[in-house]
Amino acid sequence: MGHGPAVKLGRDDAAAFKTKLGVKMFVVYTIVYFTFVIINATNPKAMETVVLGQTAAVIWGFGLIGLALVQAVIYNHFCTKAESEMNKGA
């Protein structure tokens, strides 16, 4: 039983904008994650520091998860807005 796509797919005039935004956000996340990895590799004792009752490693880990969620919401907001504005005539 093939149901087909849920929405009509067509041209997306906002695709270039969404791609650029996604790449920029990916670079930001990668830099933050790379910093986390470098600290762990070069100075693991720093991650043993207790911050807010938890080790810095746990705080960093939850921070990375939080950053990804925040970036997802920001990406969705700006892409939805771009799609609405750029795909009006499509």
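Laboratory data are not the source of any read-out in this text; all were calculated from the coordinates shown. Please read these numbers as outputs of a predicted model, since none were measured by experiment. Methodologically, a virtual Cβ is constructed for each residue, glycine included, from the backbone with ideal geometry; neighbour enumeration extends over all protein chains shown.
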For the chain, size of Cβ-based charge dipole, Lys and Arg +1, Asp and Glu -1, in debye: 180 debye
Total lysine pairs under 26 Å (Cα atoms) in the chain, excluding pairs fewer than 8 apart on one chain: 10
Cα→Cβ-extended label distance, 7 Å offset, between Leu52 and Asp13, nm: 4.3 nm
Residue-by-residue Karplus 3J(HN,Hα) for region 66-77, coefficients 6.51, -1.76, 1.60, Hz, glycine and proline x: x, 4, 4, 5, 5, 5, 5, 5, 4, 4, 4, 4
Pairwise label distance in nanometres, Tyr33 with Ile65, each label 7 Å out on the Cα-Cβ vector: 1.6 nm
Cα gyration tensor category, rounded, prolate or oblate, for region 15-86 with a/c compared to 1.5: oblate
In Hz, Karplus ³J(HN,Hα) per residue of region 31-41 (6.51, -1.76, 1.60; θ = phi - 60°; x = Gly, Pro): 5, 5, 5, 4, 4, 4, 5, 4, 4, 5, 7
